[in-house]
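The structure under discussion appears below in the form of structure tokens.
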């Protein structure tokens, strides 16, 4: 099946997939491998820019073709899992597409993981090959099947053929595996099919009028990409950029507000996808008033609702710029996005998560105990399942139970009002308190613990742990123990150690709700005293 403009239709019908009737486009691409052929359409246009490195679409295609030969030489074939472990780079992007081009399934490991989390995931998946950058390779266990991270086009004349024909005749076959945090603590491997990823891309291009037959060779934006490629948002950005000819501009290392401002000016950035923490840091940077940021037309914010206060701060902090601030709602299990709110929506209805995308169905499962009900989503973008697990949040009728609370107004707009699931969102990263509590339970001297999020002015939330300990156990020792077990962002930054037992509720469980309320109140008082 090719990926020419003729297969990107706008007519929507209903098809039954695995026993569930989904709304779906009648004419559609069937394999993400076909997206690679768009590189020929954009040719020598810059596609990836990071530091001094600039890779054109043609350069990417050549590097992918060479890397594909290398993967096939390592025995990687259709359906094999290849784990990618690294930070954003041209190599990460090339390795992703090389896996796709040979029919392998890229497994997107979280580069923040510690050795224990990485070992758990490797035991679950048993990938055919691991491609890791230097930092990631240092955390791999001995004997792991490691391939070469570096990419070039030195494979000589024997290059893998990147044609329209992907050889993929099953759009419900796995296309990628992306990890997410669950309330049980351990990262879960979300299996997304070709249908999952392409349906999401198709809908977003449809509503923005950027389908392949609606753009030409003179179009193409420069976008600043500051989120991890190994998140579902990174995958969405990657497949969109090659389809519509966008340039992906990435920071050279960790996010730095000054570098972000410089990149916007130098590359004429028109689009930026970011979490609120990053936007806040840019607005507070002293160079924000000295850089020419007038090219910036759209700032897509994820990880938190966009409220009126944030919009006012954005307008005041970006002189001469009137960016649209679209947002939306989704989760990895749903392929990344279920609703969209335009820039006009966020201005007129601040706090909304928008309305469903064209093929998405939403409903709210009413609950007298929770006030607003649980949000349920049914869409062709949703996952095949969790790899290696029988459990699934998708019921027999195809509805994905999100664990998030909200309501839908009369105009069809979704409003998120809370989280039924126990989750902390720190600077855009999801942290399961259960995972931190489990790690603490394995530390000698820890009697019991309660972990929850508390407000942070920059990150949105930070991790706090209240821990009942035996005499002699210190905060420093706890930090050291957890660093070996958890991703660095999941290690608590606030602690309360005590020798007496933690309070319990009427059912005998630790009263985490009251502990969190007390901690937040104390922090509010402390902040007031420091003002």
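Summary of values
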quantity	calculated
Residue count for the stretch 329-344, restricted to those that are outside any loop (DSSP other than H, G, I, E, B) and either in the same structural domain as residue 385 (by TED's automatic domain parsing) or surrounded by fewer than 23 Cβ atoms within 10 Å (Cβ to Cβ) (or both)	3
Filtered residue count, the stretch 104-134, keeping only those that are outside any loop (DSSP other than H, G, I, E, B), in contact with a strand residue (DSSP E or B) (Cβ under 6 Å, 6 or more places away or on another chain) and without any contact (Cβ under 8 Å) to a residue 60 or more places away in the chain	4
Any hit, the stretch 145-153, residues being farther than 29 Å from residue 434 by Cβ, modelled with pLDDT under 90 and in contact with a helix residue (DSSP H, G or I) (Cβ under 9 Å, 6 or more places away or on another chain)	yes
The stretch 289-313 residues that are surrounded by 13 or more Cβ atoms within 10 Å (Cβ to Cβ), paired with ones that are modelled with pLDDT of 90 or more and outside any loop (DSSP other than H, G, I, E, B) (beta carbon under 6 Å, 6 or more apart)	291/261; 291/265; 292/265; 293/264; 296/264; 298/271; 299/272
Residue match in the stretch 488-495 (condition: outside any strand (DSSP E or B) and farther than 24 Å from residue 428 by Cβ)	no
Odd one out for residue 95 among (1) out of contact with any strand residue (DSSP E or B) (no Cβ under 7 Å at 6 or more places or on another chain); (2) assigned to a helix (DSSP H, G or I); (3) under 22 Å from residue 143 (Cβ atoms)	(1)
Residue, modelled with the lowest pLDDT, within the stretch 452-473, restricted to residues that are exposed (fewer than 15 other Cβ atoms within 10 Å of the Cβ) and either assigned by TED's automatic domain parsing to the domain that holds residue 274 or in contact with a strand residue (DSSP E or B) (Cβ under 8 Å, 6 or more places away or on another chain) (or both)	470
Unique residue being under 19 Å from the mean Cα position of the chain (by Cα) and modelled with pLDDT under 85 when the list is 368, 432	432
The stretch 264-285, subset in a loop (DSSP other than H, G, I, E, B) and buried (at least 22 other Cβ atoms within 10 Å of the Cβ), residue farthest from the chain's Cα centre (by Cα)	269
Subset of the stretch 165-183 (residues that are at pLDDT below 95 and not in a loop (DSSP other than H, G, I, E, B))	179, 180
Residue match in the stretch 104-127 (condition: at positive phi and modelled with pLDDT under 95)	yes
Meets criteria (closer than 30 Å to residue 490 by Cα and either at pLDDT below 95 or assigned to a loop (DSSP other than H, G, I, E, B) (or both)) for residue 209	no
Selected residue [closer than 30 Å to residue 27 by Cβ and modelled with pLDDT under 90] from 237, 270, 219, 277	219
Subset tally (residues that are surrounded by 21 or more Cβ atoms within 10 Å (Cβ to Cβ) and touching a strand residue (DSSP E or B) at 6+ places or on another chain (Cβ under 7 Å)) for the stretch 238-263	8
The stretch 360-383, residues that are touching a residue at least 12 places away in the same chain (Cβ under 8 Å), farther than 20 Å from residue 339 by Cα and not in a strand (DSSP E or B)	370
Close pairs (6 angstrom Cβ cut-off, 6 or more residues apart or separate chains): in the same structural domain as residue 222 (by TED's automatic domain parsing) and at negative phi in the stretch 269-284, in a helix (DSSP H, G or I) and buried (at least 22 other Cβ atoms within 10 Å of the Cβ) anywhere	282/260
The stretch 11-32, subset within 27 Å of the chain's Cα centre (by Cα) and in a loop (DSSP other than H, G, I, E, B), residue surrounded by the fewest Cβ atoms within 10 Å (Cβ to Cβ)	18
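The values are calculated or read from the model by the stated rules, or taken from the named source; none is laboratory data. Since this is a predicted model, take the numbers as computed values, not measurements. Reconstructed Cβ throughout: ideal geometry from the backbone, glycine too, with neighbour counts over all protein chains shown.
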